[in-house]
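Engineer: Here's a structure for you.
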Amino acid sequence: MSDIASTPAPMEGHGGYNRSSSVQAAGSSPTLPLFEQAAAAVPLSSSSEAIVIADYGSSEGHNSLAPLTAAISILRGRIGPERAISVVHTDLPGNDFCALFRTLDSNPGSYLRGDAAIFPSAVGRSFYQQILPSSSVSLGWTSWSVQWLSRLPGPIPDQVQVAYSRDAATRAAYAQQAAEDWRNFLTSRGAELRPGGRLVVLTMALRDDGDFGYRAAVETLYEALLDLVGDGMISSEEMGRMAIPTVARSRADLMAPFSENARFAGLSVGHLDIFEGEDRIWEDFQRDRDAHKFGARWAAFSRASVFPTLAEALDGGLDDRQARTFMDKLEAANAARLAEKPEPMVIPLASMVLVKEGC
Ligand SMILES: C[S@@+](CC[C@H](N)C(=O)[O-])C[C@H]1O[C@@H](n2cnc3c(N)ncnc32)[C@H](O)[C@@H]1O
């Protein structure tokens, strides 16, 4: 049985996340120009040493291809075709790194195509600590990853997503963990970035009116879990342990470490914007009126990103014989409920550019 204070599970493996993460890809796309601008502005030494780009929380890599290709193209315009570029993809130890390297090898949009001087590698360690050498990274990218907490602060008595819980003590515990994790993340990146280096962050956020969004997806997921308890698929104790360890941060949360002297861990904020991601699933539904497809796509989104973490709460953990059946049934129940009443999803996001001092 998994411990309630465990670390989150990675995304669904075997290409599952790559296949069902179009919501994340669409949400990140308005941030690509910020990464290109960072690639254009970052100071580069005149030596021939490799330029290091880090991709924090890469999962299986598909959604990293567009931002990395864009930034590498800008860098190539500055340094020419010969100089080595090292791309380091980082994620949790249990991430499916095989799927990542297959994606880099075979995807037609891979940044490796036509460039023999790019050297990809991977680090399987939590990014809430320093995981790359000090002052080694020129450019950092992280999308849809820092909303994942380093650990579950505890069960959520009335929900699976803390943003919709009415329990004040639980909300406070998750907020405190999120604040601590954000400071640790910034401290570690501050150590890894070179002077003048830049980190572009895209993460789940709270709208300025406090809305977390995804209301229908979260509500139907909770109801679908109750269905599975009712069917005897899972026990109420197992459901009681299920919690999604993600926290969306407000503008104030993101700025909190910088409030005293505008600098934190040698970093300053070059840009911060809270915006809403495009809901392409809803846009497609408005065109085709296919409610079944609408439900299936949002259920697949939840499956690929949060079901493995929920399955960790089964008596046998993620390796439980029933884990796959649990995920299949939860996906089907969730899809059916979402198809009953399609509605647009609010997708609040934050984009941020952090600049390392010293240049
Ligand atoms: C939703 S996926 C985002 C993947 C991709 N960057 C994208 O934009 O679609 C979040 C990723 O962050 C990773 N992650 C969560 N917590 C992490 C941590 N503490 N250290 C490293 N990676 C982490 C997860 O394993 C997962 O692969």
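The values are calculated or read from the model by the stated rules, or taken from the named source; none is laboratory data. Note that the structure is predicted; figures quoted are calculated from it, not measured. Positions of Cβ are backbone-derived with ideal geometry, glycine not excepted, and every protein chain shown enters the neighbour counts. SASA here: full protein model, heavy atoms, side chains in, ligands and nucleic acids out. Shrake-Rupley method; radii C 1.70, N 1.55, O 1.52, S 1.80 Å.
Engineer: Quick test for you: out of Ser59, Ser29, Ser64, pick the one residue that is within 12 Å of the ligand (Cβ to nearest atom), among the polar types (S, T, N, Q), in a loop (DSSP other than H, G, I, E, B) and closer than 27 Å to Gly270 by Cα. Break it down stepwise before answering.
Structural biologist: Values: Ser29 fails: in a loop (DSSP other than H, G, I, E, B); Ser64 fails: in a loop (DSSP other than H, G, I, E, B).
Exactly one residue qualifies, and that residue is Ser59.
Engineer: Residues to consider are Asp208, Asp227; find the one that is surrounded by 15 or more Cβ atoms within 10 Å (Cβ to Cβ) and acidic (Asp, Glu).
Structural biologist: Working: Asp208 fails: surrounded by 15 or more Cβ atoms within 10 Å (Cβ to Cβ).
Residue meeting the stated conditions: Asp227.
Engineer: Among the residues of segment 132-140, is there at least one that is of a type in the set (Ser, Thr, Tyr), away from the ligand (no atom under 15 Å from the Cβ) and crowded, with 20+ Cβ neighbours inside 10 Å? Walk me through it before giving the result.
Structural biologist: As a first pass, look at segment 132-140 and keep what is of a type in the set (Ser, Thr, Tyr): 134-136, 138.
Pick out the ones that are also away from the ligand (no atom under 15 Å from the Cβ) and you get 134-136, 138.
Those left that are additionally crowded, with 20+ Cβ neighbours inside 10 Å: 138.
Looking for residues that are of a type in the set (Ser, Thr, Tyr), away from the ligand (no atom under 15 Å from the Cβ) and crowded, with 20+ Cβ neighbours inside 10 Å, one finds at least one in segment 132-140, hence yes.
Engineer: When residues of segment 111-130 are filtered for being under 29 Å from Leu149 (Cα atoms) and either in contact (Cβ under 8 Å) with a residue 40 or more places away in the chain or hydrophobic (A, V, I, L, M, F, W, C) (or both), how many remain?
Structural biologist: Initially, segment 111-130 is screened for residues under 29 Å from Leu149 (Cα atoms), giving 120-130.
So of that shortlist, the ones also either in contact (Cβ under 8 Å) with a residue 40 or more places away in the chain or hydrophobic (A, V, I, L, M, F, W, C) (or both) come out as 122-123, 126-130.
Selection size over segment 111-130: 7.
Engineer: I would also like to ask the following. Could you list, ordered by first residue, the pairs with Cβ atoms under 8 Å in which the first is in segment 131-156 and on the phi > 0 side of the Ramachandran plot and the second is away from the ligand (no atom under 12 Å from the Cβ) and not aliphatic (A, V, I, L, M), at least 6 apart or interchain?
Structural biologist: Ser135/Glu192; Ser135/Arg194; Ser135/Pro195; Gly154/Thr170
Engineer: So Ser46 passes all but one of these: (1) more than 14 Å from the ligand (Cβ to nearest atom); (2) part of a helix (DSSP H, G or I). Which condition number does it fail?
Structural biologist: (2)
Engineer: Looking at Leu100, Leu149 in this structure, which one is touching a Pro at 6+ places or on another chain (Cβ under 7 Å), within 23 Å of Ser20 (Cβ to Cβ) and not aromatic (Phe, Trp, Tyr)? Full working, then the answer.
Structural biologist: On the way: Leu100 fails: touching a Pro at 6+ places or on another chain (Cβ under 7 Å).
From the options Leu100, Leu149, the qualifying one is Leu149.
Engineer: Filter segment 51-66 down to the residues that are within 16 Å of the chain's Cα centre (by Cα) and crowded, with 18+ Cβ neighbours inside 10 Å and list them by number.
Structural biologist: So the first thing to find is which residues in segment 51-66 are within 16 Å of the chain's Cα centre (by Cα), and the list is 54-66.
Across segment 51-66, the qualifying residues are Ala54, Asp55, Tyr56, Gly57, Ser58, Ser59, Glu60, Gly61, His62, Asn63, Ser64, Leu65.
Engineer: Any residue in segment 245-265 that's open to solvent by 50 Å² or more (accessible area, probe 1.4 Å): show its pairings with residues that are in a loop (DSSP other than H, G, I, E, B) at Cβ separation under 9 Å, as long as the two are six or more apart or on different chains.
Structural biologist: Arg251/Leu206; Arg251/Asp208; Ala252/Ser259; Asp253/Leu206; Asp253/Val247; Arg263/Glu357
Engineer: Residues in segment 80-103 that are without any contact (Cβ under 8 Å) to a residue 60 or more places away in the chain and in a loop (DSSP other than H, G, I, E, B): how many?
Structural biologist: The number of residues fulfilling the criteria is 6.
Engineer: Shifting gears a bit: Restricting attention to segment 67-81, and to residues there that are buried (at least 24 other Cβ atoms within 10 Å of the Cβ) and hydrophobic (A, V, I, L, M, F, W, C), which single residue is farthest from the ligand (Cβ to nearest atom)? Before the answer, list the steps.
Structural biologist: So the first thing to find is which residues in segment 67-81 are buried (at least 24 other Cβ atoms within 10 Å of the Cβ), and the list is 67-68, 71.
Going one step further and asking which of them are hydrophobic (A, V, I, L, M, F, W, C), we end up with 68, 71.
On the way: Leu68: 11, Ala71: 14 Å.
In this case the residue turns out to be Ala71.
Engineer: Which one of the conditions (1) assigned to a helix (DSSP H, G or I); (2) under 17 Å from the mean Cα position of the chain (by Cα) does Gly213 fail to meet, given that it meets all the rest?
Structural biologist: Of the numbered conditions (1) assigned to a helix (DSSP H, G or I); (2) under 17 Å from the mean Cα position of the chain (by Cα), the odd one out for Gly213 is (1).
Engineer: So, in segment 164-197, exactly how many residues are within 16 Å of the ligand (Cβ to nearest atom) and either open to solvent by 20 Å² or more (accessible area, probe 1.4 Å) or under 19 Å from the mean Cα position of the chain (by Cα) (or both)?
Structural biologist: Going through segment 164-197, the residues within 16 Å of the ligand (Cβ to nearest atom) turn out to be 174, 177-189, 191-192.
Still in the running and either open to solvent by 20 Å² or more (accessible area, probe 1.4 Å) or under 19 Å from the mean Cα position of the chain (by Cα) (or both): 174, 177-189, 191.
Adding up the residues that qualify gives 15.
Engineer: Moving on to the next point. Under 6 Å between Cβ atoms, at least 6 apart or on separate chains: pull out the pairs that start in segment 22-39 with a residue that is at pLDDT 95 or above and end on any residue that is surrounded by fewer than 19 Cβ atoms within 10 Å (Cβ to Cβ) and not β-branched (Val, Ile, Thr).
Structural biologist: Close Cβ pairs (under 6 Å, with a partner that is surrounded by fewer than 19 Cβ atoms within 10 Å (Cβ to Cβ) and not β-branched (Val, Ile, Thr)) amount to Leu32/Ala70; Glu36/Ala70.
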